[in-house]
Amino acid sequence: MTDSDYKIGIDFHGVITVSPAFFRDFSRLIFEKGSEVYIISGGPYTVVKNFLDSWKIPYSEIFSLVDYFAGRGEITYFDNGNFKVPDELWNKAKAEYCRQKGIDVQIDDTPAYGNFFSGPFCLFDAQSRSGEIGGRKIDFSSSPKQTWQEIEKFLTQKN
């Protein structure tokens, strides 16, 4: 297997937060192989960054949906502290970001987001610590090296 320059997107809530030690080692390995890691989250940038930094999880960039939509004035805030972005905007934002950045695969636990991806979307199941990408099972309970080899094999065969 050859090392390639891939861009890997990883969701924060429900993926990294489920197993931060695994994703720390997984992200480090991705960087060692010459690839990049993009953390893509609905949550605020500072919350995500503080968590990643506290766990020493390396990343190339963080994309925060809530900050993105706030900056565009497309978010409604309520007195109780909640907020709302129209579902059609929110659900496709990760896919649009991945297209713009040329991200090769997004690892995410929300099936609805996958409907908007034209490229590979790895649906992560936190309970079984597994994923599925293009009909191929990915084991996130094995070593980060094995998981990366499975993803890299899929990406190599895809091209």
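The values are calculated or read from the model by the stated rules, or taken from the named source; none is laboratory data. Remember, predicted model here, so these are calculated numbers, not experimental data. In this analysis, Cβ positions are derived from the backbone assuming ideal geometry, glycine residues included, and neighbour counts consider all displayed protein chains. Accessible surface areas use protein heavy atoms only, side chains included; no ligands, DNA or RNA. Shrake-Rupley method; radii C 1.70, N 1.55, O 1.52, S 1.80 Å.
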*Find which of 54, 83, 22 sits farthest along the positive direction of the dipole of the chain, computed with +1 on the beta-carbon of Lys and Arg, -1 on that of Asp and Glu, about the Cα centre.*
22
*How large is the accessible surface per residue of the chain, computed with a 1.4 Å probe and reported in Å² as a whole number?*
50 Å²
*Output the pairs from 49/137; 33/137; 101/158; 33/101; 56/84; 56/145 with a Cα-Cα distance over 25 Å in this structure; if there are none, say none.*
49/137; 56/84
*For the chain, what Kirkwood radius comes out of the mean inverse Cα-Cα distance, in Å?*
16.0 Å
*Identify the chymotrypsin sites (Phe, Trp or Tyr not before Pro) of the stretch 76-159 meeting these criteria: DSSP loop state and at most 14 other C-beta atoms within 10 Å of the C-beta.*
78
_Please report the carbon-and-sulfur percent of the accessible area for the stretch 10-92; probe 1.4 Å, protein heavy atoms only, DNA, RNA and ligands left out._
52 percent
*asked:* Would you calculate the convex hull of the Cα atoms in the stretch 90-159 and tell me its volume per residue in Å³?
replied: 86 Å³
*Counting only residues 5 or more places away or on other chains, whose amide H sits under 5 Å from the amide H of residue 125 once H atoms are built in the peptide plane?*
130, 131
*Longest segment of the chain with no trypsin sites (Lys or Arg not before Pro) in a DSSP loop having at most 13 other Cβ atoms within 10 Å?*
73-159
*Please give the length that would be gained between residue 74 and residue 153 if that part of the chain were fully extended, namely 0.36 nm times their separation in residues minus their C-alpha to C-alpha distance (nm, one decimal).*
24.5 nm
*Expressed as a whole number of Å, what is the distance separating the alpha-carbon centroids of the stretch 68-103 and the stretch 116-133?*
21 Å
